1. Identify, please: which residue in region B:278-314 is of a type in the set (Asp, Glu) and open to solvent by 10 Å² or more (accessible area, probe 1.4 Å) and is, among those, nearest to the chain's Cα centre (by Cα)?
2. Taking B:SER317 as the residue in question, decide whether it is surrounded by fewer than 23 Cβ atoms within 10 Å (Cβ to Cβ) and hydroxyl-bearing (Ser, Thr, Tyr).
3. Test B:ALA349 against the criterion of being aliphatic (A, V, I, L, M) and modelled with pLDDT of 95 or more, and give yes or no.
4. Just for region A:70-105: of the residues that are away from every other protein chain (no Cβ under 12 Å) and β-branched (Val, Ile, Thr), which one is farthest from A:LEU164 (Cα to Cα)?
5. Only residues that are more than 14 Å from A:ASP190 (Cβ to Cβ) and open to solvent by 40 Å² or more (accessible area, probe 1.4 Å): list them for region A:204-220, please.
6. Being closer than 30 Å to B:PRO54 by Cβ, in a loop (DSSP other than H, G, I, E, B), open to solvent by 30 Å² or more (accessible area, probe 1.4 Å) and among the small types (Gly, Ala, Ser) narrows it down to one residue among B:GLY147, B:GLY189, B:GLY172, B:GLY123; which is it?
7. Mind listing whichever residues of region A:257-276 are part of a helix (DSSP H, G or I) and at the interface with chain B (Cβ under 8 Å from one of its Cβ atoms)?
8. Going by the conditions given, is B:ILE356 of a type in the set (Val, Ile, Thr) and either assigned to a helix (DSSP H, G or I) or within 30 Å of A:ILE249 (Cβ to Cβ) (or both)?
Amino acid sequence: MRQARLTAERSGRRLGGGPIINRWALLAVPAIVFLIAFFLAPLVAVSLRSVTEFPKPTTDIFANYERFAASASNVRVLANTFWVAVLSTVVCLALGYPYAYLMNIVRPRIAGLLLIAVLLPFWSSLLVRTYAWQVILRDTGIINTFLLDMHWVEEPLPLIRTTLGVMLGMSQILLPFMVLPLYASMRRIDPELTKAAANLGARPFTAFRRVFLPLSMPGVLAGSLLVFVLALGFYITPALLGSPKDTMISQFIASAVQQRLDWGIASTMGVILLALALIVLFVASRFVRLRDVYGSLEES
Amino acid sequence: MTSWRRLSSTLVAGLILVAACGGGASTAPTGTPPASVAPATATPAAADLCTAPPKAPAGTTLTFVSYGGAYQKAQRQGWLEPYAALTGVTFQESEDSSNATIKAQVESGQVSWDIVDVGNDFGLDANAALLEPLDYTKIHKDEILPGFAGTYRVADITYGVVLAYNTDKLAGQVPQGWADYFDTAKFPGKRGMWDYSAGGIFEVALLADGVKPTDLYPLDIPRAVAKLDTIKNDMVFWGSGAESQDLIGKGEVSMTLIWNGRGYSAKHIDNKPVEIQWNDQIVTADYFVVPKGTPNKDQAMNFIAWATCKENNAAPSKYIPYGPTNTLSKADPSTVAELSVSNINDTTAYFDDAWIVDNAQALEDAYQEWKTK
């Protein structure tokens, strides 16, 4: 690949080939039209709805935002949403990093099998997998029935309707989003570097900590941001596996849209969630260049 | 090597799309009872809309929308098929009734639904902008249960929000009503509840606390919350009828609030040790509404009038234990004992839908404040 790029640069296609690049750029037009029509326009419509649609007529355009803030449960659930997202990110990182590291050091064929193993659950729907977790975790589920039948426990263990249940369900779904960017960034690390560190007298752990780990940070950040942002939007998993205390803001949005037809407050919650997610990205960008983070995904 | 990297990045992009396509849990009072075959109750013919509805213009297609499953099948067999045979109408069906879709269709001016079966929290004056007023020159309003026919909606079937219990879990004890639902010392086990602020949770807490069914409204929310606090840690919340049926059937909960058709299905279809306690039931209904702006308004009104006639209204009860709303309509003998309207007594309560809709925000806030704390 590097060789190919050098060839291309030498032959001047990159530098002098302006019109060629422009013609190819036309291929992106459908994607841009798609994004404007199905992403940007609805986003604007939702934002507008949050300041124009009210259950009771009012002249105060921020009435929905005031309604949102006035309810203690909204604020509590919003905070919980971020807490659950952070927790899922940490769990996925703790599980995903060693896994990606393993994929990186084994032969490509084994790495391929490991990749398939982490992707396999993706081939069934999120809803089906969440119901499967219910069957496994609940009081009359597989684990508790076994433990009770063996008389190892007197009462069913509290597995479902707990934060533990939510974490199991969410990390199973989100793990690939952590493993793949990690693996991609680890592949880019020149294996000679850790060998060189060893040559200079570093112990394996020191070589890992001072050489490999820092070089894998773009993957860690890319995976973490991806998992975090996706986790913010979960609602089926916490609804089916969590307790009321694990309620996330998307459950409120769904209920406002479907049951109460209060699309003004639903839009408001959506805008607030989006704004807070953007703030998190902004803060993250203070510490790391996001282009590096997402660049690690497109590098090939 | 590079091919693996490329594969990885492609997969990441693909997975994001996959994750974006989540599913949604539905909340619909559908049951799955058997299609018991029984002779239709014959009524002397009178030459009117009820027995001889006018032929529809050739090519008339009506879109009928309900909640799918055995419920919609019963409506299809009881109403749609006979009506189509009588009038020549072709029915197109959708099984995803949703207030939100009606709103989206009407607001965008793309109304493709003609007759929609909705829950009791929809179709009141608050939704006037979304619905056509019903044509009461055709519908026999005086025959419908009092309070179940409004400007924009008329009840098509009745059902009960009831207490169901798992007889294995309770070892022979029989709960007599919602007071026993709150007595976890005498009746051990967890308690199932619909995860919806307007689904009956406050009502049953107040009934359990000794409020008379006739004095329920306006709801004393602080009193209800105090009662609910006593069993909060024993409660399991469900989001769909199928879930409630599964929870009580498996014994994950020993008692639950349930729609009577789902309780019936747990016992008779799943063959689980489940019984219904009819004391303290809340009788409620599903309603027909017509989205504003449908080009088939008149034909939709004809169908609604026909399906709520005394001759036709009870037809689905042959297939599912949901009862008629027309007081002169005779339910099928095979399910009559299992119907909400057959089990009305002086402990029976009714939702005040208008009060609930007017106070939806306060109910929701109080509910979430209690539940998520």
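The values are calculated or read from the model by the stated rules, or taken from the named source; none is laboratory data. Note that this is a predicted model, so its numbers are computed, not measured. For neighbour counting, all protein chains shown are included, and Cβ atoms are generated from backbone atoms with ideal geometry for every residue, glycine included. Please note that ligands, DNA and RNA were not included when accessible areas were found on the heavy atoms of the full protein model with its side chains. Shrake-Rupley method; radii C 1.70, N 1.55, O 1.52, S 1.80 Å.
1. Taking the candidates together, the pick is B:ASP280.
2. In short, no.
3. Judged against the criteria, B:ALA349 is a match.
4. A:ILE105
5. Once the filter is applied, which keeps residues that are more than 14 Å from A:ASP190 (Cβ to Cβ) and open to solvent by 40 Å² or more (accessible area, probe 1.4 Å), region A:204-220 yields A:PRO204, A:PHE205, A:THR206, A:PHE208, A:ARG209, A:ARG210, A:LEU213, A:MET217.
6. So the residue among B:GLY147, B:GLY189, B:GLY172, B:GLY123 that is closer than 30 Å to B:PRO54 by Cβ, in a loop (DSSP other than H, G, I, E, B), open to solvent by 30 Å² or more (accessible area, probe 1.4 Å) and among the small types (Gly, Ala, Ser) is B:GLY147.
7. A:VAL257, A:GLN258, A:TRP263, listed by residue number.
8. yes
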